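Structure, as C-alpha cells:
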Amino acid sequence: MPILRPKGPEPQPCLLGFSSFTLHNNHILFIMHSSLVSSLVLLCLLLVSTTQALPLRRRGVSISLESETAFCSFLPPHPGNDVGGTEEDGKPFCSSPGLGGETFPTGFIQSAHFVQKDEYVQVTGRMDPDAYQLSHSDGGGQYDNKDISGVTCNGYRYWVNMLEPDNGQYCIRCCKSQSDCNLGQSEYGCQTIIPGNYD
C-alpha cells in the first residue's frame, strides 16, 4: 500500500546563529541551543558585579594634586564613618571633576595650601567635619599607600593622607620616594607627618 504524505511543501530547516527553526504545517518549532551563549552572558555579568563590589584597596585609582584649588583627599566611604575605622576603605574626593574622585561635599574644605618640590607635592589646610557628618570627637586616621594599594598620586606610588576631625585639619602628600611620605607616625598628626600651613 502506498504511503500517503500530506500535501504541501516539504519542511525546510533554517539555521540562524545558534538557533534552528523547523517549519511544518504552519506550526513553528523553535529550538535554541544557547547554553554557551547564556553561560558567557552570566559570566560577563558576574565579572562586572564583582569588579563593582571590590573594595577600593584592590582597585587602581589615580588622583592629582595640582594647586590650592585643584586637589584630592581621601575621606571615609560614607558620611559619618569613623576615619580610623575606614583606613583600608577610604574613598577619593576632589575639588573638581576629572582629578580622580567625587567632588568634595559643599563647605568641607575651609582652606588649602599647596606646596610642590622635586621630591613631593602636598596640600594642607582646614576642613569642616560637619560638612561630611564627621564626629568632632573623632581623633582621625591615616590613608596611605600601605593600606590602600594600587593608588597613584601625580604619578607617584607613595602617598600619605590624614584627616583630623577633632581639630579640623587635613593633609595629603604624594612622593617620589617612600622616605618622604612617613607612614609610621600617624598618632602624631598632620603637623608632624606633613609640616605645612594649617591656617
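Laboratory data are not the source of any read-out in this text; all were calculated from the coordinates shown. Just so you know, these numbers come straight off a predicted model, no measurement behind them. Heads up, the Cβs are rebuilt from the backbone with ideal geometry, glycines too, and the neighbour counts pull from every protein chain shown.
The table below gives the values:
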item	result
Among (1) in a helix (DSSP H, G or I); (2) buried (at least 20 other Cβ atoms within 10 Å of the Cβ) - the single one GLN142 does not satisfy	(1)
Residue in the range 181-190 that is charged (D, E, K, R) and assigned to a loop (DSSP other than H, G, I, E, B) present	no
Test: residue in the range 116-130 that is part of a helix (DSSP H, G or I) and loosely packed, with under 15 Cβ neighbours inside 10 Å	yes
Among the candidates TYR170, TYR198, residue that is touching a residue at least 24 places away in the same chain (Cβ under 8 Å) and part of a loop (DSSP other than H, G, I, E, B)	TYR198
So SER137, is it within 18 Å of ASN81 (Cβ to Cβ), of a type in the set (Gly, Ala, Ser) and surrounded by 17 or more Cβ atoms within 10 Å (Cβ to Cβ)	no
For SER186: the one exception among (1) in contact (Cβ under 8 Å) with a residue 60 or more places away in the chain; (2) within 23 Å of SER111 (Cα to Cα)	(1)
